[in-house]
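Single-structure report; data block below.
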Amino acid sequence: MRIAVSVWEDKISPVLDTASKLLIVENETQTESSRFEANLLEQDMSQRCSFIRRLDLDVLICGAVSRQLAGMLKASGIKIISGISGPAEDVLKAYLKEGLLHSGFFMPGSKSNHFD
């Protein structure tokens, strides 16, 4: 499984649409097998979406995301988990261990219905 989190200064980036970096983790049977970073230089939404699609992600964890970008990514088969905040490493560990549904990583005012 390939999981990405949008990152800004070691935390989940507040808005995916303007995030500058993704941390991508390859996970096999709950064990991390590799990781790398991808810079999001594309500002145009369709180019950004195309770049993210080429990363072959299964799951993308982020803060806020516009409906348009979320829809484009979901149509590509990427599961979007939005409304998340906190240190990127802690969020990744929580997701891999138990999921984020009952975690303390929701953005203020966010609801658990951001799991698509």
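So here's what we get for this one:
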read-out	value
Residue ID - surrounded by the fewest Cβ atoms within 10 Å (Cβ to Cβ), chosen from residues in segment 1-18 that are among the charged types (D, E, K, R) and in a loop (DSSP other than H, G, I, E, B)	Glu9
Residue within segment 34-42 that is among the hydroxyl-bearing types (Ser, Thr, Tyr), in contact with a strand residue (DSSP E or B) (Cβ under 7 Å, 6 or more places away or on another chain) and touching a residue at least 60 places away in the same chain (Cβ under 8 Å) present	no
Scan of segment 71-102 for residues that are surrounded by fewer than 17 Cβ atoms within 10 Å (Cβ to Cβ), aliphatic (A, V, I, L, M) and either touching a residue at least 24 places away in the same chain (Cβ under 8 Å) or under 16 Å from Lys21 (Cα atoms) (or both), ordered by number	Leu96
Wholly within segment 19-70, strands (runs of 3 or more DSSP E) carrying at least 2 residues that are surrounded by 19 or more Cβ atoms within 10 Å (Cβ to Cβ)	21-28, 59-61
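The rows are residues; the columns are (1) touching a helix residue (DSSP H, G or I) at 6+ places or on another chain (Cβ under 7 Å); (2) among the hydroxyl-bearing types (Ser, Thr, Tyr); (3) under 13 Å from Ser6 (Cβ atoms).
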| position | (1), (2), (3) |
| --- | --- |
| Ile24 | no, no, yes |
| Thr29 | no, yes, no |
| Gln43 | no, no, no |
| Gln47 | no, no, no |
| Asp58 | no, no, no |
| Ala94 | no, no, no |
| Glu98 | no, no, no |
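No lab work stands behind these numbers, since they all come straight from the coordinates. The shown structure was predicted, so the numbers you read here are calculated from the model rather than taken from an experiment. Glycine gets a Cβ as well: all are built from the backbone with ideal geometry, and neighbour counts include every protein chain shown.
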